[in-house]
Amino acid sequence: MIAIIDYDAGNLKSVAKALSFLGREAEITRDPKKILSADKVVLPGVGAFGDAMARLKQYGLIPVIRQVVDQGTPFLGICLGLQLMFEGSEESEGVEGLGLLKGRILRIPDSTGLKIPHMGWNSLDIRPDTRLFAGISSGEYVYFVHSYYLRAEEEEAVAAVSEYGVRIHAAVEKGCLYACQFHPEKSGDVGLKILRNFVEL
């Protein structure tokens, strides 16, 4: 079973639907026992960094997430879920993230001709030999919706980058941790391939 962490964030059902399409049982839950016994765990999300961290704390999910990672269960963050995995965000100064990986979330700088939030299809420059992007070539397009982006401290953890007025660390992969700033569940066949790679780890 794949556990999708329920903390009242948007986008949970579309992730569950995509996983179901791939033939995998997925349950939206905040039950610690179910999350800790799952084969894989997904932290999706759309919304504000500070509000999301407050809800994870309210529901007692922060120690559960840490335990999932400590036991080596493959863990995938999507969009806001990626951002929460890092140390903090300019969107909510003073709010600590989960700190599972080193780096900060920054606002996409204003740039002539570029709309913020960044909504739409952008190509990826993919690092070779990543597990998340196995069988996927650089240059493929995926769907983004965000106003903030990741600047990871550990360059070796960056699995893919994209350009939108600034170099965006679009995906990361380190140990049992995987994350995408874009929405694989809304990225057509390429996105489904990424999700399939994750569920087949």
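Taking the Cα centre of the chain as origin and assigning +1 to Lys and Arg Cβ atoms and -1 to Asp and Glu Cβ atoms, the resulting dipole is close to 400 debye. In the calculated pair-distance distribution of the chain, the portion above 20 angstrom amounts to 51 percent of the Cα-Cα pairs.
When only Cα pairs below 8 angstrom with a gap of at least 6 residues are kept, the chain shows a relative contact order of 19 percent. For segment 2-92, the list of GluC sites (Glu not before Pro) that fall in a loop by DSSP and count at most 15 other C-beta atoms within 10 angstrom reads E25, E87.
Estimated from the Cβ-Cβ distance and a Förster radius of 30 angstrom, the FRET efficiency linking L106 and E25 is about 0.25.
Over segment 48-99, accessible surface divided per residue gives 39 Å², non-protein components excluded, 1.4 Å probe. Across all C-alpha atoms in segment 3-79, the radius of gyration and Dmax reach 11.7, 34 Å. The distance separating the Cα centre of segment 93-143 from that of segment 147-166 comes to 5 Å.
Both numbers refer to the Cα atoms of segment 102-148; Rg and Dmax are 13.2, 36 Å.
Each of I62 and E90 was given a label point 7 Å from its Cα along the Cα-to-Cβ line. The distance between the two points is 2.4 nm. Shown here: segment 57-170, whose C-alpha atoms stretch 42, 35, 22 Å along the first, second and third principal axes, sorted largest to smallest. For segment 1-147, with all protein chains in place and a probe radius of 1.4 Å, 48% of the accessible heavy-atom surface sits on carbon or sulfur.
Within the assembled protein chains, the solvent-accessible surface assigned to V68 is about 0 Å², based on a 1.4 Å probe. In this calculation the C-beta distance from L192 to D129 is compared with R0 = 30 Å, giving a FRET efficiency of 0.90. Of the residues A52, T112, P128, the one whose Cα sits farthest toward the positive end of the charge dipole of the chain, with +1 on the Cβ of Lys and Arg and -1 on the Cβ of Asp and Glu, is A52.
Once the Cα-Cα distance is subtracted from the 0.36 nm per residue extended length, the E200 to D51 segment shows a gain of 50.4 nm.
Once the C-beta distance of D39 and I116 is scaled by a Förster radius of 30 Å, the resulting FRET efficiency is 0.20 to the nearest 0.05.
The values are calculated or read from the model by the stated rules, or taken from the named source; none is laboratory data. Since we're looking at a predicted model, the values are computed, not measured. Cβ: placed from backbone, ideal geometry, glycine included. Neighbour counts: every protein chain shown. Note: accessible area is taken over every heavy atom of the protein model, side chains too, but ligands, DNA and RNA are not part of it. Shrake-Rupley method; radii C 1.70, N 1.55, O 1.52, S 1.80 Å.
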